Structures are given as C-alpha cells and as structure tokens.
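Asks: After the structure tokens below, expect a handful of questions from me.
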C-alpha cells in the first residue's frame with residue numbers, strides 16, 4: 001500500500017494533468033482547473049460525509065483512498081482500543097462493586113448534597129437502607145442528632161459512635177472519607193463486640209482496683225503503726241518495713257491510676273465550668289516546690305489571661321502528671337519551664353525541660369498504659385507508667401491534642417493544644 005500522502009499527491013497530479021489537458025482542448029485553462037478543484041473538494045466532502053455517518057451510526061468502516069484511507073483506519077483503531085478499554089474498566093468496576101458489596105462494613109457513596117448514590121448489602125442491615133432510598137439524602141434516613149451534626153461539621157479526621165438505626169442494641173462507628181469532586185464515602189463499622197469487650201475490661205480493672213484498695217489500706221496502716229513503735233524496732237527490721245511501705249505506696253499509686261483511667265474511659269460527664277488554667281498551673285508548681293524543694297528549677301510563664309471550659313479536677317490531674325514527670329527525670333541542676341499561651345486562636349499548656357530527653361522510637365508509645373522509658377543512668381524513677389495515658393484521656397475529653405517533641409541530650413517538650421471552642425474569657 002502506498003503511503004497516504006504519496007497516494008494523495010497522485011490524485012493532485014492526475015487532476016492537474018486532466019485540468020491542463022482539458023484547458024488545452026477548450027482553450028479555457030481557468031474554468032478547466034476550477035472544475036478540477038471542485039471535483040477534488042467534492043471528493044473530500046463525500047469522504048467527510050461517509051465518516052460522519054459512520055461515527056454516528058457505526059457499522060462497517062467506510063472505504064476511502066489517499067489520506068482518507070489512513071484517517072479511517074486510525075479512527076477505527078482508536079475506537080476499537082477505546083472499546084476494549086471500556087470493557088476492561090467495566091469489568092474492574094464490576095469486580096470493585098462485588099468486593100465492596102461483600103465487605104462486612106456498611107459502605108455508602110454520598111453525592112454533593114449528601115444524597116445516596118450507591119450502598120452495599122451491609123448498609124442495608126446496619127443502617128436500614130433500601131433500594132428505594134437511592135437518591136435520598138442520608139440525613140433524612142438516618143435520624144440521629146449527632147449524626148446530622150457530624151455530617152455538617154466536615155471533620156473527617158474524627159469518628160462518630162452511635163446506635164444502629166436498624167437495631168439500637170448494636171453500636172456503630174461512623175467514618176466519612178472524602179474523594180473525587182464533592183463525593184464522600186460513608187463507612188459504618190459494627191463495634192458492638194469491641195465496645196462490650198472494652199466495657200468488660202474496664203469493669204474488671206475497676207472491680208480489681210476497688211478490691212485491692214481495702215487490703216492495701218490495712219497493710220499500709222499496720223506498717224505505719226510498726227514504724228512508729230517505741231522503742232524503735234531493730235534497724236534490720238526497720239529497713240524491711242520501710243521497703244514494704246515503699247512497695248505498698250507504689251501499689252496504692254498504681255491502683256489510684258487505674259481507677260482514674262477507668263473513670264475517664266467510662267465516658268461519664270464531669271462538671272464543665274470555667275477553669276482559670278493560669279492559677280491552676282501556679283498552684284501545682286507551688287505544691288511541687290513545697291513537696292520537693294531540691295528539684296530542678298521550675299519556671300512559670302503565663303502569657304495568656306484566658307481560661308478553659310472543662311473539668312478542673314481532670315485538668316489538674318493532667319498538668320500534675322506532666323510537671324511531675326519533668327521533675328522526676330530532670331536532674332536537680334536542670335531547668336523546667338511551664339507555659340500557658342495563645343496559639344492559632346486556641347490555647348497551649350506546655351511543659352519543657354532540659355533533661356536527658358527521649359529517643360525517637362519511644363515517642364509514639366509514650367501514652368500507652370504501663371509504657372515507661374528508663375534513662376541511660378540506670379536509676380529507676382518509679383511510677384506505674386499510667387501518667388501520660390491519663391493525660392491523653394483527659395485531653396481527649398477536652399477536645400485537645402498532646403504533642404511530644406524530644407531528642408536525647410536536649411530535653412523534652414509536652415504541649416497540650418486546646419481548640420478555640422474551649423477558650424473562655426475569665427470574669428474578673
């Protein structure tokens with residue numbers, strides 16, 4: 001087959017020759033060449049018409065010559081390739097829908113106005129959706145006040161726990177994932193069994209802690225009585241009783257910490273009132289100064305006059321744990337800075353020290369229960385490893401976030417970031 005442009009050039013040469021020959025015979029070159037040009041244009045218009053009819057209605061590929069043969073073939077090949085790609089995409093979409101429909105979690109595709117575009121079978125059993133609900137706004141079908149607020153808030157990094165509309169005994173965890181142009185994926189997971197196991201664990205810890213409290217109190221009382229004996233006990237016995245008293249105190253602190261965590265995890269509401277955080281931090285620093293006057297230098301920087309709406313008892317517990325940890329790990333010649341300042345419309349409480357610091361691999365796990373990092377000097381600092389877990393739960397109940405930055409030899413910084421909605425201007 002000749003190349004398209006070569007074949008097309010033969011057409012032009014042939015029409016030019018015919019036009020010149022006709023012009024020589026008739027003596028009118030211009031009309032003869034004009035007629036040949038019209039014939040050439042008519043040929044292209046006919047080919048364009050055939051191509052247009054083929055693109056509209058399909059069928060057999062139109063025949064052509066010259067450049068049109070190549071054009072028709074390229075368009076035909078492109079259409080065949082697109083058809084193959086379309087079939088492949090349809091197969092992939094079908095496999096995706098089949099896989100999504102088999103997911104145990106409810107999955108709902110929401111449009112720009114929160115209308116339901118598609119949902120899987122699990123959404124029917126967990127959210128009570130039916131096929132006739134397609135196109136309806138999900139807020140009109142899942143009637144739960146907190147769900148409507150969650151849908152409007154656009155806080156996609158958080159989750160919502162709510163009872164199932166289909167069965168109120170089941171608990172769901174709702175998550176919304178944005179994707180595409182104004183599209184969102186609503187995922188509802190059945191966490192009934194998980195919440196049950198958490199409640200069992202919490203009840204177990206609370207019951208065991210309460211049961212341990214009575215014997216510990218009795219044991220501690222007897223040890224204190226023996227320590228106050230007159231005449232004093234022999235030194236070898238006194239050392240044993242002091243050691244027993246230390247361990248009893250440690251066990252008491254562990255029980256108190258577990259009970260505090262249980263109360264925080266139970267989700268029970270605490271009194272919400274205006275808290276003067278500056279005065280609270282000042283009081284905590286003064287208390288630690290009286291308890292241990294030989295600790296590292298403690299500096300208080302109050303740069304914000306505003307306070308928080310929250311629970312003073314819980315905030316005191318969180319700040320006391322942070323300051324106590326800094327005093328515990330910072331040497332006596334070190335320095336600890338406690339700050340209260342404004343940042344990005346919110347407020348930040350900060351405890352920074354120039355102690356030994358913490359290696360980077362430990363930072364993600366510091367707020368886990370019983371997780372402790374002992375310093376390189378080999379000295380045990382005591383504690384149950386519950387302080388930062390309590391801090392994390394307290395901040396979570398106050399819509400706040402704990403940020404930790406530290407490096408070995410350069411100290412540590414623990415920052416509690418409270419959102420603007422918690423800020424209150426204190427009344428004088």
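The values are calculated or read from the model by the stated rules, or taken from the named source; none is laboratory data. Remember, it's a predicted structure, so these values are computed and weren't measured experimentally. Using ideal geometry, Cβ is built from the backbone for each residue, glycine included, and neighbour counts are taken over all protein chains shown.
Asks: Looking only at region 57-77, decide whether some residue is surrounded by fewer than 12 Cβ atoms within 10 Å (Cβ to Cβ) and at pLDDT 80 or above. It would help to see each step written out before you state the result.
Replies: First, the residues of region 57-77 that are surrounded by fewer than 12 Cβ atoms within 10 Å (Cβ to Cβ): 57-60, 63, 74, 77.
Then keep just the ones that are at pLDDT 80 or above; that gives 74, 77.
Yes: one or more hits.
Asks: Taking the criterion of being free of Cβ contacts under 8 Å to residues at least 60 places away in the same chain, under 30 Å from residue 102 (Cβ atoms), out of contact with any helix residue (DSSP H, G or I) (no Cβ under 8 Å at 6 or more places or on another chain) and in a helix (DSSP H, G or I), would at least one residue in region 220-233 satisfy it? Full working, then the answer.
Replies: The first filter runs over region 220-233 and keeps only residues free of Cβ contacts under 8 Å to residues at least 60 places away in the same chain, leaving 220-233.
Remaining after also requiring under 30 Å from residue 102 (Cβ atoms): none.
There is no residue in region 220-233 that is free of Cβ contacts under 8 Å to residues at least 60 places away in the same chain, under 30 Å from residue 102 (Cβ atoms), out of contact with any helix residue (DSSP H, G or I) (no Cβ under 8 Å at 6 or more places or on another chain) and in a helix (DSSP H, G or I).
Asks: Moving on. Would you confirm, using the coordinates I've provided, whether residue 114 is touching a helix residue (DSSP H, G or I) at 6+ places or on another chain (Cβ under 8 Å), more than 23 Å from residue 170 (Cα to Cα) and touching a residue at least 12 places away in the same chain (Cβ under 8 Å)?
Replies: Against the criterion (touching a helix residue (DSSP H, G or I) at 6+ places or on another chain (Cβ under 8 Å), more than 23 Å from residue 170 (Cα to Cα) and touching a residue at least 12 places away in the same chain (Cβ under 8 Å)), residue 114 qualifies.
Asks: Yes or no: residue 215 in a strand (DSSP E or B) and loosely packed, with under 13 Cβ neighbours inside 10 Å?
Replies: On the way: in a strand (DSSP E or B): no; loosely packed, with under 13 Cβ neighbours inside 10 Å: yes.
The answer is no for residue 215.
Asks: Quick test for you: out of 163, 145, pick the one residue that is out of contact with any helix residue (DSSP H, G or I) (no Cβ under 8 Å at 6 or more places or on another chain), loosely packed, with under 15 Cβ neighbours inside 10 Å, under 17 Å from residue 107 (Cα atoms) and not assigned by TED's automatic domain parsing to the domain that holds residue 254.
Replies: Details: 145 fails: under 17 Å from residue 107 (Cα atoms).
The unique qualifying residue is 163.
Asks: For region 187-207, name all the residues that are out of contact with any helix residue (DSSP H, G or I) (no Cβ under 7 Å at 6 or more places or on another chain), within 17 Å of residue 106 (Cα to Cα) and in contact (Cβ under 8 Å) with a residue 24 or more places away in the chain. Please lay out each step first, then the result.
Replies: Just the residues of region 187-207 that are out of contact with any helix residue (DSSP H, G or I) (no Cβ under 7 Å at 6 or more places or on another chain), to begin with: 187, 189, 191-201, 203-204, 207.
Remaining after also requiring within 17 Å of residue 106 (Cα to Cα): 187, 189, 191-194.
Listed by number, the residues that qualify are 187, 189, 191.
Asks: Go through region 342-361 and report how many residues are surrounded by 15 or more Cβ atoms within 10 Å (Cβ to Cβ) and not in a loop (DSSP other than H, G, I, E, B). Spell out the reasoning first.
Replies: Looking only at region 342-361, we keep the residues that are surrounded by 15 or more Cβ atoms within 10 Å (Cβ to Cβ), and these are 346-358.
Okay, now just the ones that are also not in a loop (DSSP other than H, G, I, E, B), so 346-353.
The total comes to 8.
Asks: Those residues that are modelled with pLDDT of 70 or more and part of a loop (DSSP other than H, G, I, E, B), I need them from region 234-270; list them, please.
Replies: If the condition is that a residue be modelled with pLDDT of 70 or more and part of a loop (DSSP other than H, G, I, E, B), then 234 is the only one that fits.
Yes/no matrix, rows are residues, columns are (1) out of contact with any helix residue (DSSP H, G or I) (no Cβ under 7 Å at 6 or more places or on another chain); (2) at pLDDT 90 or above; (3) in the same structural domain as residue 258 (by TED's automatic domain parsing); (4) at negative phi:
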site: 329; (1), (2), (3), (4): yes, no, no, yes
site: 351; (1), (2), (3), (4): no, yes, no, yes
site: 371; (1), (2), (3), (4): no, no, no, yes
site: 376; (1), (2), (3), (4): yes, no, no, yes
site: 385; (1), (2), (3), (4): yes, no, no, no
site: 394; (1), (2), (3), (4): no, no, no, yes
site: 410; (1), (2), (3), (4): yes, no, no, yes
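Asks: Hey, could you check region 301-341 for residues that are assigned to a strand (DSSP E or B), within 20 Å of residue 423 (Cβ to Cβ) and free of Cβ contacts under 8 Å to residues at least 60 places away in the same chain and say which is nearest to the chain's Cα centre (by Cα)?
Replies: Taking region 301-341 first, the residues assigned to a strand (DSSP E or B) are 301-302, 307-310, 335-341.
In the following step, the residues that additionally are within 20 Å of residue 423 (Cβ to Cβ) were identified as 301-302, 307-310, 338-341.
Then keep just the ones that are free of Cβ contacts under 8 Å to residues at least 60 places away in the same chain; that gives 301-302, 338-339, 341.
Details: 301: 33, 302: 32, 338: 29, 339: 28, 341: 26 Å.
So the residue we want is 341.
Asks: Any residue in region 111-121 that is in contact with a strand residue (DSSP E or B) (Cβ under 7 Å, 6 or more places away or on another chain) and exposed (fewer than 10 other Cβ atoms within 10 Å of the Cβ)? Quick ask: steps written out before the conclusion?
Replies: To start, the set of residues in region 111-121 that are in contact with a strand residue (DSSP E or B) (Cβ under 7 Å, 6 or more places away or on another chain) comprises 111, 113-120.
After this cut, where a residue has to be exposed (fewer than 10 other Cβ atoms within 10 Å of the Cβ) as well, the list is 113.
Yes, that holds for at least one residue.
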